[in-house]
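Below: the structure, in structure tokens.
Read-outs: derived from the displayed coordinates by stated rules, not from any lab. On a predicted model such as this, the values are computed, not experimentally measured, just so you know. Cβ placement follows ideal geometry from the backbone for every residue including glycine, while neighbour counts extend to all protein chains displayed.
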Amino acid sequence: MNKKLVLSVGALALSFVSIVSAKSYTLDFSTPVQAGSTQLEAGTYKLEVEGTNAVFTNTKTRKSVTVPVKSEETNTKYDVTSVDNLTQGSTVQIDAIKLGGTKTKLGFGK
């Protein structure tokens, strides 16, 4: 009976870990981009959403930056993660990121 209890508690603990862990998304920027008021170098980033913030971690340097975002639930489920951007002069500004596998759209303001 003790083995069943231990296995049940272990399975329950693992299910909580998967719920608590944040989903991450991979983004590749071929040129520098502006996310809110933060400049991101060209490169590959891991994106995690933590409440009202987007955390971008450069996969090469491991440097992380946190940017405030406005999260919006839409009627459309996005198949892939995509970035909408605006070009203002020579600056590429992230307007929104649509998170693949969800109905979530992240808005970036200055």
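The C-beta contact set for the stretch 34-61 (first residue in contact (Cβ under 8 Å) with a residue 40 or more places away in the chain, second residue buried (at least 16 other Cβ atoms within 10 Å of the Cβ) and acidic (Asp, Glu), distance under 8 angstrom, 6+ apart or interchain) comprises Ala54/Glu48. Highlighted here are the strands (runs of 3 or more DSSP E) found entirely within the stretch 20-110 that include at least 1 residues which are buried (at least 17 other Cβ atoms within 10 Å of the Cβ): 24-29, 33-35, 38-40, 43-50, 53-58, 64-68, 82-88, 91-98, 104-107.
If you filter the stretch 42-56 down to residues that are of a type in the set (D, E, K, R) and touching a strand residue (DSSP E or B) at 6+ places or on another chain (Cβ under 7 Å), you find that the one that is nearest to Lys98 (Cα to Cα) is Glu48. The set of residues in the stretch 83-110 being more than 14 Å from the chain's Cα centre (by Cα), touching a residue at least 24 places away in the same chain (Cβ under 8 Å) and over 19 Å from Thr66 (Cβ atoms) consists of Asn85, Thr91, Val92.
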